[in-house]
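*Asks:* Next up is a structure, given as structure tokens.
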Amino acid sequence: MKQNPARKSPPKSESSRKIGLARALSKLGYCSRQQAFELIRQGKVRLNGNTPKNPETPVRLGTDRIEVQGHVLKPAEKIYLMLNKPRGIVTSASDEKGRDTVYTLLPPDLTWLAPVGRLDKASEGLLLFTNDSEWNARVTNPETHLDKTYHVQIAAIADSHLIESLERGVETERNEILRCKRATLLRTGEKNSWLEITLDEGKNRHIRRILDALGIEVLRLIRVSIGPLQLGDLPKSAHRSLTQAELTALDLSLR
């Protein structure tokens, strides 16, 4: 499922300041910064006719000439996608264990994109991608306290005490207090329940750790929204571009 990506023009001030060469390759949408470090150290990147080996060599985007293996790099059009990540897929560009990554779900001819935040292997749902590193940093900045909402199936019958515990906070095995901004009961079965949990902070395995501290097994964990962005009825493993209205709404929520 592929649509024309939502795009924005880069800030006009971008060409007036210098950044490191590795970061420049990332901002131009060529590759990740880690991949750029390797390309530079292997001598595959030329800057204004020279071959620097320092990934932090200063670059003025829009002015300096950057080539990778003979190809001149030009600013890539900004792309913003959402993906419905299925369970069992890892959020990384490659995996040392040979497991499928989220990149196997994206078109191979698409310009390099970075995930905006992460979902662990066992988690599902809304995952964003972009080649706009500044937008990525804004969305993932913990100081924004951007709400992220999850539907969570647990191997227990939820009651008001559990809901109160999730919102009040629970001490984990690391002596860390974790809490949810909001928790509500969606439905219950004979042996399990579905909860809707909203976080405004993103600590590693936050929901799984807080429920584990309460002795409750997580059966499924699906992210259904990030700020105003809704997963909606996007099919599993499918992706689509964010609309301009969605980008604007998210931008307003980050202010």
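The values are calculated or read from the model by the stated rules, or taken from the named source; none is laboratory data. All figures in this text were calculated on a predicted structure; none of them were measured in a lab. All Cβ positions, glycine included, derive from the backbone under ideal geometry; neighbour counts span all protein chains shown. Calculation scope for accessible area: heavy atoms of the full protein, side chains included, ligands and nucleic acids excluded. Shrake-Rupley method; radii C 1.70, N 1.55, O 1.52, S 1.80 Å.
*Asks:* Give me the pairs: first residue in the stretch 168-191 and on the phi > 0 side of the Ramachandran plot, second residue at pLDDT below 95 and in a loop (DSSP other than H, G, I, E, B), beta-carbon distance under 6 Å, and six or more apart or on different chains, which are they?
*Replies:* Short answer, once both residue conditions are applied: G169/R179.
*Asks:* Based on this model, can you work out whether R87 counts as more than 25 Å from E246 (Cα to Cα), surrounded by fewer than 20 Cβ atoms within 10 Å (Cβ to Cβ) and at pLDDT 95 or above?
*Replies:* Yes: the conditions hold for R87.
*Asks:* Please go through the stretch 91-106 and give me each residue that is in contact with a Ser or Thr (Cβ under 7 Å, 6 or more places away or on another chain) and more than 18 Å from Q34 (Cα to Cα), ordered by number.
*Replies:* L105
*Asks:* Right, something else. How many residues are outside any loop (DSSP other than H, G, I, E, B) and either without any contact (Cβ under 8 Å) to a residue 60 or more places away in the chain or out of contact with any Lys or Arg (no Cβ under 6 Å at 6 or more places or on another chain) (or both) if we restrict to the stretch 116-133?
*Replies:* Going through the stretch 116-133 one residue at a time, the tally reaches 4.
*Asks:* Which pairs do you get when a residue that is under 23 Å from H151 (Cα atoms) and free of Cβ contacts under 8 Å to residues at least 40 places away in the same chain, found in the stretch 81-109, comes within reach of a residue that is among the β-branched types (V, I, T) and in a loop (DSSP other than H, G, I, E, B), reach meaning Cβ atoms under 8 angstrom, with the pair 6+ apart or on two chains?
*Replies:* Sorted first by the residue in the stretch 81-109, then by its partner, the pairs are T101/I89; T101/T91; V102/I89; V102/T91.
*Asks:* Continuing with the same structure: Please go through (1) aliphatic (A, V, I, L, M); (2) modelled with pLDDT of 95 or more; (3) more than 26 Å from N141 (Cα to Cα); (4) in contact with a strand residue (DSSP E or B) (Cβ under 6 Å, 6 or more places away or on another chain) for A156 and return the number of the only condition it doesn't satisfy.
*Replies:* Every listed condition holds for A156 apart from (4).
*Asks:* Answer with yes or no whether T243 is open to solvent by 40 Å² or more (accessible area, probe 1.4 Å) and closer than 30 Å to K78 by Cβ.
*Replies:* Yes, satisfied.
*Asks:* If you take the residues in the stretch 36-56 that are closer than 19 Å to R17 by Cα and either open to solvent by 30 Å² or more (accessible area, probe 1.4 Å) or at pLDDT below 90 (or both), which one is nearest to the chain's Cα centre (by Cα)?
*Replies:* E56
*Asks:* State whether the residues of the stretch 99-115 include one that is more than 24 Å from V45 (Cβ to Cβ), open to solvent by less than 40 Å² (accessible area, probe 1.4 Å), touching a helix residue (DSSP H, G or I) at 6+ places or on another chain (Cβ under 7 Å) and not in a strand (DSSP E or B).
*Replies:* No, the stretch 99-115 contains no residue that is more than 24 Å from V45 (Cβ to Cβ), open to solvent by less than 40 Å² (accessible area, probe 1.4 Å), touching a helix residue (DSSP H, G or I) at 6+ places or on another chain (Cβ under 7 Å) and not in a strand (DSSP E or B).
*Asks:* Let me ask something else. Assess whether V152 counts as being within 25 Å of the chain's Cα centre (by Cα), β-branched (V, I, T) and part of a helix (DSSP H, G or I).
*Replies:* The answer is no for V152.
*Asks:* So which pairs qualify, if the first residue must be in the stretch 221-238 and within 16 Å of D120 (Cα to Cα) and at pLDDT 95 or above, the second must be open to solvent by less than 30 Å² (accessible area, probe 1.4 Å) and acidic (D, E), the Cβ gap must be under 6 Å, and the two must be at least 6 apart or on different chains?
*Replies:* Once the first residue is within 16 Å of D120 (Cα to Cα) and at pLDDT 95 or above and sits in the stretch 221-238, its partners that are open to solvent by less than 30 Å² (accessible area, probe 1.4 Å) and acidic (D, E) give I222/E124.
*Asks:* Return the residues of the stretch 56-68 that are of a type outside the set (V, I, T) and under 20 Å from L113 (Cα atoms); say none if nothing qualifies.
*Replies:* L61, E67
*Asks:* Need the failing condition index for N136 against (1) open to solvent by 30 Å² or more (accessible area, probe 1.4 Å); (2) in a helix (DSSP H, G or I); (3) of a type outside the set (D, E), just the number.
*Replies:* (1)
*Asks:* Could I ask something else about it? Looking at this structure, is E201 over 29 Å from Y80 (Cβ atoms), at pLDDT below 95 and either open to solvent by less than 50 Å² (accessible area, probe 1.4 Å) or assigned to a loop (DSSP other than H, G, I, E, B) (or both)?
*Replies:* It is false that E201 is over 29 Å from Y80 (Cβ atoms), at pLDDT below 95 and either open to solvent by less than 50 Å² (accessible area, probe 1.4 Å) or assigned to a loop (DSSP other than H, G, I, E, B) (or both).
*Asks:* Right, G215: within 26 Å of the chain's Cα centre (by Cα), among the small types (G, A, S) and at positive phi or not?
*Replies:* The answer is no for G215.
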